[in-house]
Amino acid sequence: MDARADQIYNPYRVFTRAQWAKLRDDTPMTLNATEIAALRSMYDRLDLKEVEEIYLPLSRLLSIYVAATQQLYFAQRRFLGIVDRKMPYIIGVAGSVAVGKSTTARVLQALLARWSPRPKVDLITTDGFLYSNAMLERQGMMQKKGFPESYDLPRLLAFLSDIKAGRRRVRAPIYSHLTYDIVPNEYVTVDRPDILIVEGVNVLQTGRLPRDGKAVPVVSDFFDFSVYIDADEPVLREWYVQRFLALRDTAFHDPRSYFHRYAPLSDEEATATALAIWERTNLANLEDNILPTRPRATLIMKKGTDHVVETVALRRL
């Protein structure tokens, strides 16, 4: 198939950074430099220019999608003759470890919450739905933490089902990155948001198709829009190592840290350790579970070595 045929059958429209930036139109900048700095995760590059050229156009696009979805929902409700509350709009944010999902999710939350009128925008990560370390240890799965099988999928699906149904005060477990484990008996409560952002490495995973044709729900069934943050594997590996070294000098020194044993490592030892973890766990998860879900996203943002988004691909309607 030649290049022209590839373009015809490409399910995405691909935009250069400059092309995408123009789509901001008159979308106002509602964040200042101090607020943007507070949203940035370790080693992510996020500044006013990145928000203006990448996230404001995305915010404008999402406003169009949300409005259209609400109109369709109200039209269906009138057709069926039913009266109930509108469903929240759910946005999934996916991508590899170290790619910057958390930053993207927080920036979107901040921008969307400042639309007029001010919608209620909540954010959760799927880390809270991981099985506890004790459970993973018993099942021999600690080396596969973050893989699809390490999540309490029925609990996550029940949470999303309750949110989509408009139920009040739905609880999600809390995860501690310091202890690298679920926090016992602590929860975040999500109470009928207008928009919910769900961030996690495997949120676009599909399920095995049933032979009997019965419905088998997956997390992405509940999404109205999804974003995949992409970067080449060597770039992701370097970002992971940089983050590991930074954490060795900061959070790992806390005696409560699960990774406290790595705090005394030299640069060479810490780099070797980070690379081993990347190869054993994160790379395997990326190749087997995360990257294969990229074509399922509504929008793909591709980052370069300097952490800035270089291209944006939007799924055709």
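Values quoted throughout were computed directly from the atomic coordinates according to the rules given, and no laboratory measurement underlies them. The shown structure was predicted, so the numbers you read here are calculated from the model rather than taken from an experiment. Glycine also receives a Cβ, built like all others from the backbone with ideal geometry; neighbour counts cover every protein chain displayed.
Of note:
- Calculated percent of Cα pairs over 30 Å apart (choose from (i) 23; (ii) 33; (iii) 37), label: (iii)
- Residue-by-residue Karplus 3J(HN,Hα) for the stretch 199-207, coefficients 6.51, -1.76, 1.60, Hz, glycine and proline x: 10, x, 5, 10, 6, 9, 4, 9, x
- The stretch 221-267: C-alpha gyration tensor shape, a/c 1.5 cut-off, then a/b vs b/c: oblate
- The slack in the chain from Thr305 to Ala68, taken as 0.36 nm per residue of separation less the alpha-carbon distance, amounts to 81.7 nm.
- Simple spin-label estimate for Glu238 and Ser176 in nanometres, 7 Å along Cα-Cβ: 3.5
- For Phe15, residues with placed amide H under 5 Å, excluding near neighbours: Val312, Ala313, Leu314
- Computed from phi, the 3J(HN,Hα) profile of the stretch 70-79 under the Karplus parametrisation 6.51, -1.76, 1.60 (θ = phi - 60°) reads 5, 4, 5, 5, 5, 5, 5, 4, 5, 4 Hz, with x in place of Gly and Pro.
- Rounded to whole Hz, the Karplus (6.51, -1.76, 1.60) HN-Hα couplings of the stretch 110-115, x for glycine and proline: 5, 5, 5, 5, 9, 4
- Cut-off under 5 Å, modelled amide H: who pairs with Ile197 long-range: Ile91, Asp122, Leu123, Ile124
- Between Asp26 and Leu317, the simple label model (points 7 Å from Cα in the Cβ direction) yields a spacing of 2.2 nm.
- Think of the stretch 37-94 as having a plus end and a minus end, set by charges on the Cβ of Lys, Arg, Asp and Glu; of Tyr73, Ser41, Val93, Tyr73 sits farthest toward the positive end of this dipole.
- The stretch between Tyr187 and Arg13 holds 58.7 nm of extra length on full extension. This uses 0.36 nm per residue minus the Cα-Cα distance.
- Given Lys120/Lys302; Lys101/Lys303; Lys22/Lys302; Lys49/Lys303, the pairs whose alpha carbons are separated by over 19 Å: Lys120/Lys302
- Measuring between their Cα centroids, the stretch 277-317 and the stretch 75-122 lie 21 Å from each other.
- Modelled spin labels at Arg138 and Glu279, positioned 7 Å past Cα toward Cβ, are 3.3 nm from each other.
- For the stretch 119-175, applying the loop criterion from DSSP together with a ceiling of 10 other beta carbons within 10 Å to the trypsin sites (Lys or Arg not before Pro) yields Arg168, Arg169.
- Cα-based shape type of the stretch 1-139, given that a ≥ b ≥ c are square roots of the gyration tensor eigenvalues and the cut on a/c is 1.5: rounded
- Fully extending the segment from Arg78 to Arg60 would add 3.7 nm, taking 0.36 nm per residue of separation and subtracting the current Cα-Cα distance.
- Amide H to amide H distances under 5 Å link Leu178 with no residue, where only residues 5 or more positions off or on other chains count and H is placed in the peptide plane.
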